[in-house]
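Heads up: the structure comes next, in structure tokens.
The values are calculated or read from the model by the stated rules, or taken from the named source; none is laboratory data. Only a predicted model underlies this, so the values are computations on that prediction, with no experimental measurement involved. Here the Cβ positions follow ideal geometry from the backbone for every residue, glycine too, while neighbour counts run over all protein chains shown.
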């Protein structure tokens, strides 16, 4: 069939038209298929949107109307294509945009969509929209028609109406939720739920709303469209739900949701679904009905009987889903299981506890099915009382009751009688045919047969009540009746009674007569009051009016006599007193009478009843317009507080207006004058935008809030960086505030304390003060090092220190310029150039803005250098290389302005280049085959920061023979050990002069001499050092006798060494070492001196004992007169030794 339709369309080039037809009501729509055989000719559109071309007669259609249609279609495209992801429709005319015509359509037609199959794909020929639609109807119509375009894009446009039109109506809601025209078709469904789903058209919209809202939204719709593209109709839709089982379950949930329509997001706007209703009172209810394919019948039962049975008997073929919903405060769902032949039942106990029971029968078969439904039982009886079920008796009396049991069913049944009381103080007996029966009691009744039972009840001797429940239980049902039996008496109550009455007033009160068990009034009953019998009115009351004279007390005695029938038992007697009085005040005192605005006035007093002087424990006092409750404290006084929350001096008037009983409203009072005030702070700050460390002056005044006069003295608190308290002796004060931090500070002044203990600030003073300065920030600098004569460009940013905002206008003076720079919008640029080597450090000398801010809080420290590169050090390793060997030349490159190393600079040397390391060093290697001096140039080419300015340097290298290189290495080694090789190096210079003259032999001889000089220098110095150590060792050991001689020779060795006479220096140092080593200990000298003295002494003693010798002859002329005779033997001893011994 589908193939036939496609062939027919292709042969005739027919267009499928989907139109919106409007009924008499504005929002009622019907959609029908029309056909046309001609394509519309192309015209020039009036305007175009992103996806549509619009054609209309501008004399008949307003621009605003056309734009509304355009917005409706574009909005539908945005929702369906961009948001939900449906396929985009294509125009059949090959143009990228779909043709839309706005014109007056046939009566009742609001819109139409024309589609045509092209190469197996449905495409849109055009969309027609009627003129004169309302704003809401424009939305629903454009949404509907565009969804037909979506259906064409998915190739499902040729499906049955329940799919094509139903889903298009549903799409109206999911495109424009504020356009509710679709609800017309929803309510059509709700009015006829028992209609075949696949035979529906537009009213199938409710099904598609459910699919969209509850089973997966646009994703599920696209899945269904995908199934329809390869399949057809209902089977394809079922496949999207996994087959028959999944679809049947979904249909049952759909039907359930239709009854509970509030589950839909728009459900409150839908009509209720059509249903059959019945009230169940215990009688059997029967229906014989049919239900259409994929439709439902609904039955609502209002239960008025406890037990209920639902019996379902469906067709022997097909499939049903039957459910019961027990609806009360909540909803309970019950499945009715179906067995062979589609039969099943469900019993519900206490059914009358639910407000309603809904039975839903769903046909999940593809044809209409018949069924029977029954609610109730076939075996039925009634249980009725034969007298009043509510009975009152005097305490201790007996009661007789009766009830009747009747079989009203169609079958005989055994019925069981049972009974019970709620109060065990009551006892009872049941009789049948005059004989007492034991409970439970079974009785068989035939249809129409009845039985009467009597009950005797004994009541207790007190006020009490019981519920006697009689229950009859048959095969299929149960019934109960309940008797309420009251053992009661007469109770009197006082209504409107007041134990206390205002002096001079009347008391209107009533004595009411009631039953003791439930307080039910007794009309026309008899009451005894103070010796007189009164008859009650229809409300059970006797009305009394009492009048007192002055402070008087009246006594009342009242009790009940009869209820006019059987009850005469007196349950109570009232003994009442009524006193006429007034509330009095004494010992009234107050707290302070000048108060803070938020501090209440405290009134202290003793309240009492004036008729007997007893205190009033609780009550109400009226203070001005405020009713304030009071209670007596432990000290016997009442305390109340009153606060008007107004500034000024007020007369406070107080009166007692209610006592603890609520009866007395007449009382004494008084008045007092009270001032409520506070502190008003005003202030002036001379400046609010100042430099850090500047001082601002705060002038503060404190005045009374009630009259504006100065408060003297007054304590205030200044809150800013810290919290400081000041005293204003005359009501005014000048305060200096200083801040060394850049910040915006809220300065707030509060009143702390004024006379009369006033501490509350009514109006404070608050103002922001900004202490600030400048941050001078380096914004950009292209490089820190420049070639001499190169221009440096430096950009600065100037901001306020307290918040970092740019300074609008200011003047900056720097240490490197003799002029002032104007700053605009917080930025300025500095250009500098120097032709010599120098390093400058840029610092600000002064900054000032238009507000007088001058403080420099911080600045970016900046050093810039103009310089060139120089070769500062050259190291040749070895210093004097041998010809035909490789020498390593290390060069250090420095900045000329500060002699710091230049890292990573490119250096040229001879025919090669190198790069310095981070310490400015670079190494080169070179060889030479000719003896003598050779000069090489080293030059820096380019350094960091593109530095090219440099000075070259010439390096002289003397190439020697291998022997000379070896000899120099020995000299250098001796020199590196700390020895003096000056003379050796001089001789080495002579060797170099010889090598430059290419006299290698002479040069080598001179080199040898130089090496020998170095060796002798080393040996001489080592011997001097050794002699020094020997002298120090002898001195520390006490061998000091010959140390002067050793030091004498050591001094000669020093002198000779300094003159370069290394051989002489060596020999004198050797003598010094010998004398130091062999110098005797000082103790040996002492022993010799002592021995010598003893010998002299002995000789002199002997000489005195001997005769005097003859006079000696004159001195011999051959002897030298220089020394005495006893020292002549020492002439061969050196003079220094003789001097030491003497």
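If the condition is being under 26 Å from residue 220 (Cβ atoms) and touching a helix residue (DSSP H, G or I) at 6+ places or on another chain (Cβ under 8 Å), then region 65-80 contributes 72, 73, 75, 76, 77, 79, 80.
When residue 988 is tested against (1) surrounded by 22 or more Cβ atoms within 10 Å (Cβ to Cβ); (2) under 30 Å from residue 962 (Cα atoms); (3) in contact (Cβ under 8 Å) with a residue 24 or more places away in the chain, exactly one condition is not met: (3). Filtering region 494-517 to residues that are in contact (Cβ under 8 Å) with a residue 40 or more places away in the chain and assigned to a strand (DSSP E or B) leaves 494, 495, 500, 501, 502, 506, 507, 511, 513, 515. For residue 326, the conditions (1) surrounded by 13 or more Cβ atoms within 10 Å (Cβ to Cβ); (2) more than 59 Å from the chain's Cα centre (by Cα) all hold with the exception of (2). Within region 374-387, being surrounded by fewer than 21 Cβ atoms within 10 Å (Cβ to Cβ) and part of a strand (DSSP E or B) holds for 374, 382, 383, 384, 385. Evaluation of residue 318 against the conditions (1) outside the structural domain of residue 464 (by TED's automatic domain parsing); (2) part of a strand (DSSP E or B); (3) surrounded by 14 or more Cβ atoms within 10 Å (Cβ to Cβ) shows that the sole unmet condition is (2). Among the residues of region 696-725, write down those that are farther than 11 Å from residue 754 by Cα and exposed (fewer than 15 other Cβ atoms within 10 Å of the Cβ). Matches in region 696-725: 697, 699, 707, 708, 709, 722, 723, 724, 725. Candidates 1062, 1066, 1048: the one that is closer than 30 Å to residue 984 by Cβ, touching a residue at least 60 places away in the same chain (Cβ under 8 Å) and touching a helix residue (DSSP H, G or I) at 6+ places or on another chain (Cβ under 8 Å) is 1048. Return yes when residue 1002 is farther than 30 Å from residue 1070 by Cα, modelled with pLDDT under 90 and either outside the structural domain of residue 922 (by TED's automatic domain parsing) or not in a strand (DSSP E or B) (or both) and no when it is not. Taking the combined requirement at face value, the residue does not satisfy it.
Of the strands (runs of 3 or more DSSP E) lying entirely inside region 748-852, those containing at least 2 residues that are exposed (fewer than 14 other Cβ atoms within 10 Å of the Cβ) span 765-772, 791-800, 820-824, 827-833, 844-849. Please verify whether residue 855 is without any contact (Cβ under 8 Å) to a residue 24 or more places away in the chain and in contact with a strand residue (DSSP E or B) (Cβ under 9 Å, 6 or more places away or on another chain), treating the condition exactly as stated. When the stated conditions are applied, residue 855 does not pass them. Just so you know, in region 329-352 the residues that are out of contact with any strand residue (DSSP E or B) (no Cβ under 6 Å at 6 or more places or on another chain) and without any contact (Cβ under 8 Å) to a residue 40 or more places away in the chain include one that is surrounded by the most Cβ atoms within 10 Å (Cβ to Cβ), and it is 341.
Rundown of residues vs (1) outside the structural domain of residue 443 (by TED's automatic domain parsing); (2) closer than 23 Å to residue 304 by Cα; (3) in contact with a helix residue (DSSP H, G or I) (Cβ under 8 Å, 6 or more places away or on another chain); (4) part of a loop (DSSP other than H, G, I, E, B), yes/no style:
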| position | (1), (2), (3), (4) |
| --- | --- |
| 360 | yes, yes, yes, no |
| 365 | yes, no, no, yes |
| 391 | no, no, no, no |
| 404 | no, yes, no, no |
| 417 | no, yes, no, no |
| 420 | no, no, no, no |
| 423 | no, no, no, yes |
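Please enumerate the residues belonging to region 853-870 that are assigned to a loop (DSSP other than H, G, I, E, B) and more than 16 Å from residue 779 (Cβ to Cβ). 853, 854, 855, 868, listed by residue number. Residues in region 536-551 that are in contact with a strand residue (DSSP E or B) (Cβ under 6 Å, 6 or more places away or on another chain) and without any contact (Cβ under 8 Å) to a residue 40 or more places away in the chain: 536, 539, 540, 542, 543, 544, 545.
Out of everything in region 640-663 that is within 49 Å of the chain's Cα centre (by Cα) and part of a strand (DSSP E or B), what residue ends up being nearest to residue 614 (Cα to Cα)? It comes out as 640.
Per the listing 650, 689, the residue uniquely in contact (Cβ under 8 Å) with a residue 24 or more places away in the chain and over 26 Å from residue 758 (Cα atoms) is 689. Residue 349 meets the conditions (1) outside the structural domain of residue 472 (by TED's automatic domain parsing); (2) closer than 30 Å to residue 562 by Cα in every case but one. The failed one is (2). Restricted to region 518-619, the set of strands (runs of 3 or more DSSP E) holding at least 1 residues that are under 60 Å from the mean Cα position of the chain (by Cα) comprises 583-590, 594-596, 601-609. Just a yes or no: is a residue in region 1005-1015 modelled with pLDDT of 90 or more, farther than 19 Å from residue 880 by Cα, surrounded by fewer than 20 Cβ atoms within 10 Å (Cβ to Cβ) and not assigned by TED's automatic domain parsing to the domain that holds residue 935? Looking for residues that are modelled with pLDDT of 90 or more, farther than 19 Å from residue 880 by Cα, surrounded by fewer than 20 Cβ atoms within 10 Å (Cβ to Cβ) and not assigned by TED's automatic domain parsing to the domain that holds residue 935, one finds at least one in region 1005-1015, hence yes. Checking each residue of region 280-294 against the condition of being more than 30 Å from residue 377 (Cα to Cα) and assigned by TED's automatic domain parsing to the domain that holds residue 364 gives at least one match.
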